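K.L.:
Structure below; questions to follow.
Quick note: the coordinates plus some simple rules give every number you see, no bench work behind them. Nothing here was measured: the structure is a model prediction, and the numbers come from that model. Cβ placement follows ideal geometry from the backbone for every residue including glycine, while neighbour counts extend to all protein chains displayed.
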Amino acid sequence: MQRLRRLKLKRRSRRRLLQIVLIVFLILNALSYAGAYAMTHFSSPDQWRLGFPRPDSPQLPSDMGLEYVTQRITISQDEWLETWLIPAQNASPSGTVLLFPGNGGSKAKQLLAPTGVFHRLGYDTLLVDFRGVGGSSGDTTTLGIREAKDVALALSYAEHSNLQRPFVLYGVSMGSAAILRAIAREGIDPDAVILELPFARLVDAVRSRLRAIRVPTFPLAEMLVFWGSVQHRFNGFTHNPVAYAKQVGVPALLLHGKFDKWTTVAEIEQIFENFRGFKQLTIFPNAGHNLLVTVDQDYWQQSVNQFLEGSLSTEAIGADSAGLVKIHAG
């Protein structure tokens, strides 16, 4: 009898343990689903739902004394990208820089500061809002995946709008990841790229943000990426800028902050090593994950100007990386 009772107690204990494990599993999945939704959706003042406030455009180029034209790139009847075209000061621009913001940013919040430098260097600039932010349609982000198609659309628009070559693509954080994916997956061919603060892999970027708020990364990072992938019908586990970099043969400038808590210098060097053409790495010694032109504008302008002058020469475009690597670490 006692043995039978012990067996019954063990079975009950196992059943309770399984129930607890199942409940914890369901709770974690529910929280991950909600977390993934909040990370990839924006809410407007007139609606309440999970998500960060929709990035808007509180500042205009005219506030900086820059003339501009607002234009739309039509995607479909219900989708578009809003852009600001800011012409160069001189009648013969050095080329056109297309600028793309990071996650939760817009052309007004993140792109006007670097635009001021490109403007002084003599370039036309086209500032682009990804879908979901600023003046563009939609209210979601896919952390650089769908945004890669927006990069391709913007470059095609520039090519068919008689804007001046060479075309240089500049991105901040997620914008950089979108540029890299557009080269690897959308087959675009700009003349040069300037990539600021990219993340190495989406799942690693999620892990770093969980660590910052002292939340265990496993299995939450994987669950967040999984549910985000389900919600938006993509595979976030293959969203890998380190791998995309292997397809980059055009001149590339990589800008990073030494104390960036989201992406380590070692991860940035992995991206840099995979570039196949003329390349330059600039590490800002006193910066984290900040818009670097606002940390040290002189150093930022010097790095960008040196890169553009060196990379857009006839010798540099299309050349192999051997002998053309420049690393500037402050």
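K.L.:
Evaluated at 25 °C with a viscosity of 0.890 mPa s, what Stokes-Einstein diffusion coefficient in µm²/s does the chain have when Rh comes from the Kirkwood expression over alpha-carbon pairs?
P.N.:
116 µm²/s
K.L.:
Given Lys149/Lys246; Lys149/Lys258; Lys107/Lys149, which pairs have Cα atoms separated by over 25 Å?
P.N.:
Correct reply: Lys149/Lys258.
K.L.:
Looking at the chain only, what percent of DSSP beta bridges run antiparallel? Nearest 5 please.
P.N.:
Just about 25 percent of them are antiparallel.
K.L.:
Output ³J(HN,Hα) for region 61-78: one whole-Hz value per residue in order, computed from phi by the Karplus curve 6.51 cos²θ - 1.76 cosθ + 1.60 with θ = phi - 60°, and x for Gly and Pro.
P.N.:
Working through the residues one at a time gives x, 4, 5, 9, x, 9, 6, 7, 10, 7, 9, 10, 9, 6, 9, 8, 4, 10 Hz.
K.L.:
Now, a different point. Name the chymotrypsin sites (Phe, Trp or Tyr not before Pro) in region 37-105 that are in a loop by DSSP and that have at most 10 other C-beta atoms within 10 Å, would you?
P.N.:
Answer in residue order: Trp48.
K.L.:
If each residue of separation counts as 0.36 nm, what is the full-extension length gain between Ile20 and Lys258 once their alpha-carbon separation is subtracted?
P.N.:
81.3 nm
K.L.:
Which of the GluC sites (Glu not before Pro) found in region 208-315 are in a DSSP loop and have at most 16 neighbouring Cβ atoms, other than their own, within 10 Å?
P.N.:
Glu315
K.L.:
Moving to a separate point now. Going 7 Å from the Cα of Asn286 in the Cα-to-Cβ direction, what parts of region 244-279 have a backbone nitrogen less than 16 Å from that spot?
P.N.:
The answer is 257-260, whose backbone nitrogens lie closer than 16 Å to the label point.
K.L.:
Any chance you could run the full-extension gain for Arg214 through Arg5? It's 0.36 nm times the residue separation minus the Cα-Cα distance, nm to one decimal.
P.N.:
70.9 nm
K.L.:
Run through region 155-236 and list the trypsin sites (Lys or Arg not before Pro) located in a DSSP loop whose Cβ has at most 13 other Cβ atoms within 10 Å.
P.N.:
Here the sparse-neighbourhood loop sites are Arg214, Arg233.
K.L.:
Can you give me the C-alpha center-to-center distance between region 64-83 and region 161-194, rounded to a whole angstrom?
P.N.:
Comparing the Cα centres of region 64-83 and region 161-194, I get a distance of 18 Å.
K.L.:
Could you grab the relative contact order for region 89-139? Cα pairs under 8 Å, six or more apart, rounded to a whole percent.
P.N.:
With pairs under 8 Å counted, the relative contact order is 42 percent.
K.L.:
Any idea what % of Cα-Cα pairs in region 151-273 are farther than 27 Å?
P.N.:
Counting every Cα pair in region 151-273, those more than 27 Å apart make up 23 percent.
K.L.:
How high is the relative contact order of the chain, in percent, with contacts defined as C-alpha pairs under 8 Å that are six or more residues apart?
P.N.:
RCO, the chain: 13 percent.
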